[in-house]
1. Being of a type outside the set (A, V, I, L, M), over 29 Å from A:His175 (Cα atoms) and part of a helix (DSSP H, G or I), is that true of even one residue in the range A:91-110?
2. Somewhere in the range B:90-103, is a residue buried (at least 21 other Cβ atoms within 10 Å of the Cβ), within 14 Å of chain A (Cβ to nearest Cβ) and touching a residue at least 24 places away in the same chain (Cβ under 8 Å)?
3. Report yes if B:Arg258 is part of a strand (DSSP E or B), within 14 Å of chain A (Cβ to nearest Cβ), within 22 Å of A:Gly148 (Cα to Cα) and within 20 Å of the chain's Cα centre (by Cα), otherwise no.
4. What are the residue pairs meeting all of these: first residue in the range B:113-133, first residue more than 9 Å from chain A (Cβ to nearest Cβ) and free of Cβ contacts under 8 Å to residues at least 60 places away in the same chain, second residue open to solvent by 10 Å² or more (accessible area, probe 1.4 Å) and of a type in the set (A, V, I, L, M, F, W, C), Cβ atoms under 6 Å, and 6 or more apart or on different chains?
5. Can B:Phe136 be described as closer than 25 Å to B:Ile259 by Cβ, of a type in the set (A, V, I, L, M, F, W, C) and open to solvent by 10 Å² or more (accessible area, probe 1.4 Å)?
6. Quick check on A:His115: is it open to solvent by 10 Å² or more (accessible area, probe 1.4 Å) and out of contact with any strand residue (DSSP E or B) (no Cβ under 7 Å at 6 or more places or on another chain)?
7. Hey, can you tell me all the residues within the range A:156-201 that are more than 30 Å from B:His67 (Cβ to Cβ) and of a type in the set (A, V, I, L, M)?
8. For residues that are in a loop (DSSP other than H, G, I, E, B), open to solvent by less than 50 Å² (accessible area, probe 1.4 Å) and either facing chain B (nearest Cβ under 9 Å) or polar (S, T, N, Q) (or both), tally how many sit in the range A:20-66.
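The values are calculated or read from the model by the stated rules, or taken from the named source; none is laboratory data. Here the structure is a predicted model, which is why all the values come from computation and not from measurement. Here the Cβ is made from the backbone with ideal geometry for all residues, glycine too, and neighbour counts use every protein chain on show. Areas reflect the complete protein model, heavy atoms only, side chains present, ligands, DNA and RNA absent. Shrake-Rupley method; radii C 1.70, N 1.55, O 1.52, S 1.80 Å.
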Amino acid sequence: MNVTRGFTGRPRVRNDGLPPGQYDAGDDWPVLSAEVTPDLAPEEWTFTVDGLVAEPRTWTWDEAHALPPSAYEGDIHCVTSWSKFGVRFGGVSLDAFLDTVRPAPEATHVVAFSHTGYTANLPLADLTGGRAWIVWEYGDGPLPAEHGGPARLIVPHLYFWKSVKWIAGLRFLDHDEPGFWEQNGYHHRGNPWEEQRYSGD
Amino acid sequence: MTETTLSATDSTPSAGFTPPTRFAVPGRISVNNLTAATWQRATLTDVRRETPHAATFRFAVPDWEGHLPGQHLMLRLRAEDGYVAQRHYSIASPPDDTGHIELTLDHVDGGEVSGWFHTVAKPGDEVEVRGPLSGFFAWPGDRPALLVGAGSGVVPLMSMVRHHRARGLSLPLRLLVSARSPEELIYASEYGAETTPVFTRTAPEGVPVGRVSAAHVAALLADRPEGGWEAYVCGSNGFAEHASRLLVDAGQPVDRIRIERFG
């Protein structure tokens, strides 16, 4: 690619935490959602794990909160090019839910879906081993509705469209099934470090 | 422009899992992924001032395969030290502007890309683009469209209005556009009977000042076409939240509202 005449970019320090093509959004946290933000009260929220699992199960708000707490502190990366450093999400590690339902050996992929009907596909391997959470806190407060509150999935090592807002459940499958943005041209996996933004990357 | 790009389907075929809920509006088109994955050279040919803070940048992109009104692209600039900045921008021009695309950019305070465009760029400069991207916030001209935008959120909606005109489409299209003042109203000279402008700070003599209201939305929804409206909302997140709430409260189905927000 050629140099753009007269373009210097903003003053910057080298930041090894920034994946290729990303910029630091600083204090901003843009809202990127194609949907109307739902009015979903905590007492209406449920989280269901089914499909290829030994014991399908639905958790209520209180039941989910009774699981051992776990927090993610680190960075997040949106496919629209912003990254946000040093955020804290509080909730429960997804492993705690999966220990109960026990995914079947043939399960390879998951469709994560929201209470609104949004979907995202994920390889099972991206959700286990302390790499994914169901969260209801951002910083020291409750997760705002426009950012997915009362509860959302976060999978911070992938682009953030995989971190389904208003999470309703996970369905375990023996094949990969593209979700909402993946059907609209986004990459099936979405690893920011390999810049897997769009189908074909 | 190829016919395959324009031939919209009502739903993306998906035999698989469908969540037991309402949204999940299917994609409108199959994005041509191979095209969208390729960076292309775009040559700036013209700059038109729209408002004190916004200008339209016209590019020649010889290999552009077309887009649907409402789609966006990714644009990148490279500094001499190899630093790359890339941003998403909505496409303002209609699909039939063969070999050319137009972007309308606000001059964002401290914006490194918009700053370059507004203070450095001149005809002859080259940038790179890839796209079109995302078939969701796209209107192929197949359904009555209710467009609600604020500020530069009107950009993808204007592509729809221009497409409607260029093709002489007869199906209903309405635009509700909010701006701070008449001077800040992007594309002011292009609007016709389909458009209702709303001014939040200063308005012309005799026009009330205020934000988009339930009354505005009710007036548009009262005029319900057969099959109902497909609503497209674009603007800042605050505006998108406000406008989408008004639409829902006025009876527009949640699954017939498509939103594009910017930070």
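1. Initially, the range A:91-110 is screened for residues of a type outside the set (A, V, I, L, M), giving A:91, A:93, A:95, A:97, A:99-100, A:102-103, A:105-106, A:108-109.
Retained after the next criterion (residues that are over 29 Å from A:His175 (Cα atoms)): none.
Within the range A:91-110, none of the residues are of a type outside the set (A, V, I, L, M), over 29 Å from A:His175 (Cα atoms) and part of a helix (DSSP H, G or I).
2. Checking the range B:90-103: at least one residue is buried (at least 21 other Cβ atoms within 10 Å of the Cβ), within 14 Å of chain A (Cβ to nearest Cβ) and touching a residue at least 24 places away in the same chain (Cβ under 8 Å).
3. On the way: part of a strand (DSSP E or B): yes; within 14 Å of chain A (Cβ to nearest Cβ): yes; within 22 Å of A:Gly148 (Cα to Cα): yes; within 20 Å of the chain's Cα centre (by Cα): yes.
For B:Arg258, the condition - part of a strand (DSSP E or B), within 14 Å of chain A (Cβ to nearest Cβ), within 22 Å of A:Gly148 (Cα to Cα) and within 20 Å of the chain's Cα centre (by Cα) - is met.
4. Within 6 Å, the pairs are B:Ser114/B:Val108.
5. Details: closer than 25 Å to B:Ile259 by Cβ: yes; of a type in the set (A, V, I, L, M, F, W, C): yes; open to solvent by 10 Å² or more (accessible area, probe 1.4 Å): no.
Against the criterion (closer than 25 Å to B:Ile259 by Cβ, of a type in the set (A, V, I, L, M, F, W, C) and open to solvent by 10 Å² or more (accessible area, probe 1.4 Å)), B:Phe136 does not qualify.
6. Numbers: open to solvent by 10 Å² or more (accessible area, probe 1.4 Å): yes; out of contact with any strand residue (DSSP E or B) (no Cβ under 7 Å at 6 or more places or on another chain): no.
Spelling it out, it is not the case that A:His115 is open to solvent by 10 Å² or more (accessible area, probe 1.4 Å) and out of contact with any strand residue (DSSP E or B) (no Cβ under 7 Å at 6 or more places or on another chain).
7. A:Ile167, A:Ala168, A:Leu170, A:Leu173
8. 12
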